[in-house]
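Below is one structure, written out as structure tokens, with a few remarks after it.
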Amino acid sequence: MQKQESLFSKKIIHNVQITDPKTIDWDNIGFNPIHTAYVGGMVSLHGEPYEPFTLVPGGTINLPLSAVALNYGQSIFEGLKARKGRDGKIRLFRVKDNARRLADGAKRMLMTPIPQDLFKKAVIDIVNANLEYVPATDKGSLYIRPLLIGSGEGLGVCPSYENTFCIYVCPVGNYFKGLSCINILVTKDYHRAPRKGVGHIKAAGNYAAGLYPGKIAKNKGYAEILYLDHECIHVEEVGAANFLLVKGNKLIIAESESVLPGITRDSVAKIAREKLHMEVTFEKIPIDKALGLHAYKDEGRADEVFCTGTAAVISPIGTLHYHDHDYVIGNNEVGPVTKKLYDLLNGIQIGEYADDYGWTTIC
Ligand code: PLP
Ligand code: COI
């Protein structure tokens, strides 16, 4: 573990109260900030390679008011989890895929990409520095949040000359309700991201734009919003998760150039195809098809609907509220395919099922 003076360590102000892991209520961790012992990071100046990744005791970051990240949103992030298995081993899930997606985002946002191996090593280092914060198998996960920001100054709109990559971690439980049904509000009033914009990368601004519609949904008692495309015909995705439906032996995954290419949906696709022998397609899903409306009346609505994401895992959707009507899916109960997929995915993540795909990395 590298602990040394670096440009990154000079940015950290040690002004936060680190949470003593002994004081954590492991049965009720939820999805909220907890300050763990160490954060890590590294800086790149003028597109040069990053300095060595450095771990430092947790704190806040010192940024100029004119930082491009703060003024113009040059900021992207990732999300992945470390899971402790009953064998005591701690596993990361598909860390190289997060590295690849962050590098894609960095290119689009004119920031210095992080080489995959460096990203992977940084993630392993940060987990090992915070081992006491990894929840037991059935209590949750250690959520890992890599950030890449334009930390240099810029008054006119310009890319930052300095990029800071940093990682913090946090013990988490469920983002939604685990393997219990959630209710979702389908909106025609807001779009998440334009077609040729940055919906396909984890740009922080995508989530800022979703706060208002998300609040409307929550105020009405829904867990989240489901966005449609710019014509309000096809499903895009839920605020922080991809959308999937099951009809007979088919798993259909909502595809669009403006949704995030989720690593969880990709894993679910593979498991459904290879372990459950389902027909799996990535395609545009008309909302009418999901709900069995109009041209899809004879087909009827989806048997099961769920959303997937690192935070959301596999979250079953029991009701879709659309045009002032609640469309109940599968009697508002967790469907058999959803449950099987959840068990298989979770089993691989905690090392209880064989990892036939080489998805896990032991820290
Ligand atoms: N869509 C959005 C907008 C997200 O924020 C996420 C979460 O990362 C996902 C989909 C799912 O992606 P993944 O499965 O890679 O976590
Ligand atoms: C994740 O699932 O990792 C995400 O990034 C979603 C998040 C906005 C909580």
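Here, each number is a calculation from the coordinates, and none is a lab measurement. Since the model is a prediction, treat every value here as computed from it, not as a measurement. We place every Cβ from the backbone using ideal geometry, glycine too, and count neighbours over all the protein chains shown.
If you put +1 on each Lys and Arg Cβ and -1 on each Asp and Glu Cβ, how big is the dipole of the chain around its Cα centre, in Debye rounded to 20?
On the way: 41 positive and 40 negative charges, 67 e Å.
Dipole about the Cα centre, nearest 20: 320 debye.
Any number yet on Rg/Rh for the chain, C-alpha, Kirkwood?
0.97
How large is the helix-only mean residue ellipticity at 222 nm for the chain, computed as the sum of -39500 (n - 2.57) over DSSP H runs with n ≥ 4, divided by its residue count, in deg cm²/dmol to the nearest 500?
-6500 deg cm²/dmol
Which loop trypsin sites (Lys or Arg not before Pro) in the range 189-259, with loop taken from DSSP, have no more than 15 other Cβ atoms within 10 angstrom of their Cβ?
ARG195, LYS196, LYS220
What size of dipole, in debye to the nearest 20, comes out for the range 1-138 about its Cα centre when the only charges are +1 on Lys and Arg C-beta atoms and -1 on Asp and Glu C-beta atoms?
420 debye
Exposed loop chymotrypsin sites (Phe, Trp or Tyr not before Pro) only (DSSP loop, at most 16 other Cβ atoms within 10 Å): please give the longest stretch of the chain free of them, not including the sites. It would help to have the intermediate numbers written out before the result.
On the way: sites that count: PHE31, TYR161, TYR190, TYR353, TYR357.
That would be 191-352.
Which whole-Hz couplings ³J(HN,Hα) result when phi for each residue of the range 348-363 is put into the Karplus expression 6.51 cos²θ - 1.76 cosθ + 1.60, θ = phi - 60°, listed in order with x for Gly and Pro?
5, 5, 9, x, 8, 10, 4, 8, 5, 9, x, 7, 9, 10, 7, 6
For the range 182-349, treating each Cα as an identical point scatterer without solvent, what Debye log10 I(q)/I(0) comes out at q = 0.12, 0.13, 0.18, 0.19 1/Å?
Once normalised to I(0) and log-transformed, intensities are -0.48, -0.57, -1.14, -1.28.
Compute the FRET efficiency between THR23 and GLU299 as 1/(1 + (r/R0)^6), taking r as their Cβ-Cβ distance and R0 = 41 Å, and round to the nearest 0.05.
The computed FRET efficiency comes out at 0.20.
From the square roots a ≥ b ≥ c of the eigenvalues of the alpha-carbon gyration tensor of the range 1-89, which class results: rounded (a/c under 1.5), prolate (a/b over b/c), or oblate?
Since a/c reaches 1.5 and a/b is larger than b/c, the shape of the range 1-89 is classed as prolate.
Scale the Cα Rg of the range 7-172 by the rule-of-thumb value 2.2 N^0.38 Å and send over the ratio, two decimals.
Values: Rg = 16.0 Å, N = 166, 2.2 N^0.38 = 15.3 Å.
Normalised by 2.2 N^0.38 Å, the Cα Rg of the range 7-172 equals 1.05.
Could I have the simple spin-label model distance between LEU155 and ASP117, label points 7 Å from Cα toward Cβ, reported in nm to one decimal?
Calculated label separation equals 4.4 nm.
Sequence-distant or interchain residues sharing an amide H contact under 5 Å with TYR353, placed H: which?
It is ILE348, by chain and number.
I need the GluC sites (Glu not before Pro) found in the range 262-363, filtered to DSSP loop residues with at most 15 other beta carbons within 10 Å of theirs. Before the final figure, lay out the partial values.
Values: sites: GLU274, GLU279, GLU283, GLU299, GLU304, GLU333, GLU352; in loops: GLU299, GLU333, GLU352.
Passing both the DSSP loop test and the Cβ count: GLU299, GLU333, GLU352.
Please give the per residue volume of the convex hull enclosing the alpha carbon atoms of the range 216-263, rounded to a whole number of Å³.
Per-residue hull volume (Cα only) is 108 Å³.
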